[in-house]
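Here the structure is laid out as structure tokens; the discussion comes afterwards.
The values are calculated or read from the model by the stated rules, or taken from the named source; none is laboratory data. Everything numeric here is computed off the predicted structure, so don't read it as measured data. Methodologically, a virtual Cβ is constructed for each residue, glycine included, from the backbone with ideal geometry; neighbour enumeration extends over all protein chains shown.
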Amino acid sequence: MAKTMRYTKDNAKAYAQEHLKGIWAAVPTVFSADLTLDLPAFARNVRHWVEELHIDGLFVGGKQGEYFSMSLGERKQLFEVAVATAATLSRPAGIMLSCSDQNLEVVLDLATHAQAIGADYIVVHSPVLPFGSGVDTTVHEYYRYIGERLNIAIAMWNHPDCGYVMSPELCARIATQVPNIVAIKYSVARGLYTALTRLSAGTLIVSCPSEEEWLDNIVELGWQVYLCSAPPILYQTPGDRRMQRYTQLAMRGEVQAARAVRDSLEPVRQALRGSRPPGTPHAQQKYWQELLGQAGGPVRRPLLNLTDRERAVIHRAFTESGLKPA
């Protein structure tokens, strides 16, 4: 059943400026041992992430969520569970649904569904373009076309794995000309996202997935949202929410205290980085989640699951990191 949106296309930017704040985590999809969707386990994770880890918003069905391995129907089911579960929680949490796909009709189908079920935002990755040069007009038209057909607020997402990097000038121009483009997950070097932040103040919320740069981006660039990667669900437990703590300190201007808390997480960062097997980060993340008491489960092909030896290395690193399930 379609739900009334909390904003219109014309005030989507203002809505996002007020509400798209804090720590938003890119979350994995849970599969059962037979590789079917485990939606009850995913719903339990959603409750844990929001109510116990105090995460402000969830980025659902993206690359961390293995969208590339799911059917259109499965992606819609995942969307529905995320939105419905968030509506029952004791703490408010925003939901951003990844409608990225190389097929534009799939993007629009997913986006229309996300809009109808009451998602707060969608995210759409910049299209993979085979030659990766001279693409500005193509990419601008891509986002204009999508924005014109939807009312929901849209976050762009650019990463060099699509074959090119969108320039800060292109990103700013799209945001100025498409009223419901409100944010960007800009997975690029710091010089580029710094330039875009300054070009697009008030028209585009800029973020990148680097947790290691997050505190400096709050302090030096005035960023309001971490959008999004896995650290918020991998570095924290119900009794140890240091990422939330240093974020709050930094946003209050208590920078020295924030840096001390941020730096105390370095053993966790090193443990994750040092135990990651080549080519299978999703599987490592899911096993780490299980060690934290969250639902993890297997990955789907073409991704590879862990060997027993890899699991032992990760388990040892987790034990030495100092994190505990509760």
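Do you know which of the residues in segment 281-301 that are under 15 Å from TYR235 (Cβ atoms) and more than 19 Å from the chain's Cα centre (by Cα) is surrounded by the most Cβ atoms within 10 Å (Cβ to Cβ)? Top of the filtered list is LEU292. Residues that are part of a loop (DSSP other than H, G, I, E, B), touching a residue at least 60 places away in the same chain (Cβ under 8 Å) and polar (S, T, N, Q) within segment 274-305 comprise just one, GLN294.
Here LEU304 meets the list (1) closer than 30 Å to ILE122 by Cβ; (2) surrounded by 16 or more Cβ atoms within 10 Å (Cβ to Cβ); (3) of a type in the set (A, V, I, L, M, F, W, C) almost entirely, failing just condition (2). LYS185 falls short on exactly one of the conditions (1) of a type in the set (D, E, K, R); (2) closer than 14 Å to LEU20 by Cα; (3) touching a helix residue (DSSP H, G or I) at 6+ places or on another chain (Cβ under 8 Å), and that condition is (3). Total residues in segment 256-273 satisfying the condition of being surrounded by fewer than 17 Cβ atoms within 10 Å (Cβ to Cβ) and hydrophobic (A, V, I, L, M, F, W, C): the figure is 2. Checked against the criterion of being more than 28 Å from HIS159 (Cα to Cα) and at pLDDT below 95, the candidates ALA2, ALA43, ALA33, ALA87 yield just one match: ALA2.
Within segment 209-234, residues that are over 15 Å from ARG190 (Cβ atoms) have Cβ atoms under 8 Å from residues that are of a type in the set (D, E, K, R) and part of a strand (DSSP E or B) in these pairs: LEU227/LYS185; CYS228/LYS185, counting only partners at least 6 apart in sequence or on another chain.
Taking segment 220-234 as the range and being within 15 Å of ILE23 (Cα to Cα) and either of a type in the set (S, T, N, Q) or not in a loop (DSSP other than H, G, I, E, B) (or both) as the test, the residues that pass are GLN224, VAL225, TYR226, LEU227, CYS228, SER229, PRO231, PRO232, ILE233, LEU234.
Taken as a whole, the structure places ALA111 among residues that are touching a Leu at 6+ places or on another chain (Cβ under 9 Å) and either at pLDDT below 95 or closer than 25 Å to ASN11 by Cβ (or both). Looking across segment 3-47, the residues that are among the polar types (S, T, N, Q) and under 27 Å from GLY73 (Cα atoms) come down to THR4, THR29, SER32, THR36, ASN45. Identify, from the list ALA257, ALA317, ALA271, the residue that is more than 16 Å from VAL27 (Cα to Cα), of a type in the set (Gly, Ala, Ser) and free of Cβ contacts under 8 Å to residues at least 12 places away in the same chain. After applying the criteria, what remains is ALA257. Taking the listed residues LEU97, LEU58, the one that is in contact (Cβ under 8 Å) with a residue 24 or more places away in the chain, of a type in the set (A, V, I, L, M, F, W, C), in contact with a Leu (Cβ under 8 Å, 6 or more places away or on another chain) and crowded, with 16+ Cβ neighbours inside 10 Å is LEU97, with no other qualifying.
The single condition among (1) at pLDDT below 95; (2) more than 24 Å from GLN64 (Cβ to Cβ); (3) not hydrophobic (A, V, I, L, M, F, W, C) that PRO278 does not meet is (2). Here is the figure for segment 1-22: residues that are surrounded by 12 or more Cβ atoms within 10 Å (Cβ to Cβ), assigned to a loop (DSSP other than H, G, I, E, B) and of a type in the set (A, V, I, L, M) total 2.
Taking the criterion of being hydrophobic (A, V, I, L, M, F, W, C) and part of a loop (DSSP other than H, G, I, E, B), the residues of segment 52-108 that qualify are LEU53, ILE55, MET70, ALA87, LEU89, ALA93, CYS99. Each residue in segment 235-254 was checked for being in a helix (DSSP H, G or I) and either touching a Pro at 6+ places or on another chain (Cβ under 6 Å) or touching a residue at least 24 places away in the same chain (Cβ under 8 Å) (or both), and 6 of them qualify.
Across segment 307-326, the number of residues qualifying as exposed (fewer than 14 other Cβ atoms within 10 Å of the Cβ), part of a helix (DSSP H, G or I) and aliphatic (A, V, I, L, M) comes to 1.
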